[in-house]
Ligand code: C2E
Ligand code: MG
Ligand code: MG
Ligand code: MG
């Protein structure tokens, strides 16, 4: 009888293993399919940018926009960057996509200028692999050159993972770009592997508090304490602070009380097209 039980366990184990393998295989296939389709997405004009307004907490004034990439394959549903950026990051595809985003964001900024809208900044997300690529500084210079945008309007968002294991190189590259007038934000602050000793040396201008710390305000007392602590830290270290993912009036009121500088979130606007930004800004002016 003991033998039978063992046999059953073994076969069940094997079965489980088989299912597990199939799942992994399916996932790998899906990633490969996405990777292959993504490779031609730029040529096929399937990438596009949306822009999310950034506002001053105190006055509601618009202080900039963040460019967020989307993928619209023909005849298919729009694909979120959460799905395809990690796949692009597995190869050099992210370098190409990152460059495309930089150029398009700067060009769009200049289109807005021609339409009479001069925003204080446009923020562009930069992945770790892209930042560390040997040509990154040239990529940025090229985007500015092609668009004719002044470097001081460009804000680059990097995550804490950029610094990991590359502290010296990161600081050097950031300093090089900052010299040109470009500013830096630390995206998703608090959600990654923060090291306060690196933060001390990082020539960043701004911290963006991760959405996960804003989401449950005012229900979660710990999150409120974390936000307060980050604001105090940032103030003493000379960083400005943007709160991400503000969805409610209560959250904004909390940030007002805590003297947070800027916010982004559905409470103001979801990410929208470049044309919609024009209407958005014009509407703000009439309020
Ligand atoms: P992120 O840079 O932290 O961007 C903020 C994300 O939060 C955006 O998602 C935005 O739509 C979403 N969001 C903003 N406000 C709210 C809110 O009030 N509630 C909720 N629930 N969500 C909000 P999105 O556009 O899907 O982008 C996701 C991530 O993909 C970005 O996070 C960024 O890490 C990455 N990503 C997007 N575009 C690029 C890009 O051009 N290059 C790179 N390397 N990464 C990008
Ligand atoms: Mg970002
Ligand atoms: Mg973020
Ligand atoms: Mg992010």
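If you fit an axis through the alpha-carbon atoms of helix 2-39 and take the longest principal axis of the Cα set of the chain, what angle between them do you get, 0 to 90°, nearest 10?
Orientation of helix 2-39: about 40 degrees from the principal axis.
With no solvent and one equal point scatterer placed on each C-alpha of the stretch 182-284, evaluate the Debye formula and give log10 I(q)/I(0) for q = 0.18, 0.19, 0.20 Å⁻¹, two decimals.
Log10 I(q)/I(0), no solvent term: -0.88, -0.96, -1.03.
Compute the relative contact order of the chain as a whole-number percentage, counting only Cα pairs closer than 8 Å that sit 6 or more residues apart in sequence.
Once normalised by length, the contact order is 17 percent.
Calculate the FRET efficiency for residue 169 and residue 287 from the Cβ-Cβ distance with a Förster distance of 45 Å, rounded to the nearest 0.05.
Using R0 = 45 Å, I get an efficiency of 0.50.
Using bins 10 angstrom wide from zero, how does P(r) for the stretch 80-145 break down, in % of all Cα pairs?
20, 47, 27, 7
Remind me, what semi-axes does the stretch 103-217 give for its equivalent ellipsoid, largest first in whole Å, using sqrt of 5 times each Cα gyration tensor eigenvalue?
Working: eigenvalues 127, 68, 24 Å².
For the stretch 103-217, the ellipsoid semi-axes come out as 25, 18, 11 Å.
Restricting to DSSP H runs of at least four residues, report the calculated mean residue ellipticity at 222 nm for the chain, -39500 (n - 2.57) per run over all residues, nearest 500 deg cm²/dmol.
Calculated from helices alone, the mean residue ellipticity at 222 nm is -16500 deg cm²/dmol.
Can you give the extra length, in nm with one decimal, that the chain gains between residue 211 and residue 135 once fully stretched, where that is 0.36 nm per residue apart less the Cα-Cα distance?
Working: separation 76, 0.36 × 76 = 27.36 nm, distance 3.12 nm.
Answer, rounded to one decimal: 24.2 nm.
Report the antiparallel proportion of the DSSP beta bridges in the chain as a percent, rounded to a multiple of 5. Intermediate values should be presented prior to the final figure.
On the way: 13 of 34 bridges.
Percentage antiparallel, nearest 5: 40.
Taking the number of other C-beta atoms within 10 Å as the exposure measure, put 270, 114 in order starting with the fewest.
114, 270
Which FRET efficiency value, to the nearest 0.05, is calculated for residue 56 and residue 76 with the Förster distance at 35 angstrom and r the Cβ-Cβ distance?
Numbers: r = 38 Å, r/R0 = 1.09.
Efficiency, rounded to the nearest 0.05: 0.35.
Arranged by the count of other C-beta atoms within 10 angstrom, fewest first, what order do 170, 248, 33, 242 take?
Working: 170 21, 248 15, 33 11, 242 30.
Going from sparsest to densest Cβ surroundings: 33, 248, 170, 242.
Using alpha-carbon positions, what is the distance between the centroids of the stretch 122-178 and the stretch 27-75, in Å?
The two parts, judged by their Cα centres, are 18 Å apart.
Taking the Cα centre of each part, how many Å lie between the stretch 76-91 and the stretch 247-273?
The distance from the Cα centre of the stretch 76-91 to that of the stretch 247-273 comes to 27 Å.
Taking only Cα atoms of the stretch 28-74, what ratio of Rg to Rh do you get with Rh as the Kirkwood inverse-distance radius?
1.26
Quick check: convex hull over the Cα atoms of the stretch 109-163, volume per residue in Å³, rounded to an integer?
Cα-based convex hull of the stretch 109-163, divided per residue, equals 77 Å³.
Viscosity 1.567 mPa s, temperature 4 °C: what is the translational diffusion coefficient of the chain from Stokes-Einstein with a Kirkwood Rh over Cα pairs, rounded to a whole number of µm²/s? Walk me through the numbers before you get to the answer.
Values: Rh = 20.9 Å.
The estimated diffusion coefficient comes to 62 µm²/s.
Any idea what angle helix 93-114 forms with the longest principal axis of the chain, computed on alpha-carbon atoms, 0 to 90 degrees, nearest 10?
30
Take the alpha-carbon positions of the stretch 13-169, form their convex hull, and give its projected area averaged over all directions (one quarter of the hull surface) in nm². Spell out each step's value before the answer.
On the way: hull surface 53.9 nm².
Its average projected convex-hull area is 13.5 nm².
Round to the nearest 0.05 the FRET efficiency obtained for residue 237 and residue 279 when R0 = 41 Å and r is the Cβ-Cβ distance.
E between residue 237 and residue 279, to the nearest 0.05, is 0.60.
With axes computed from alpha carbons, what is the tilt in degrees of helix 136-147 against the longest principal axis of the chain, rounded to the nearest 10 within 0 to 90?
Between helix and principal axis, roughly 50 degrees.
Here, each number is a calculation from the coordinates, and none is a lab measurement. It should be emphasised that the depicted structure is a prediction, and the values quoted were computed from it without experimental measurement. With ideal geometry, Cβ positions are generated from the backbone for all residues, glycine too; neighbour counts draw on all protein chains shown.
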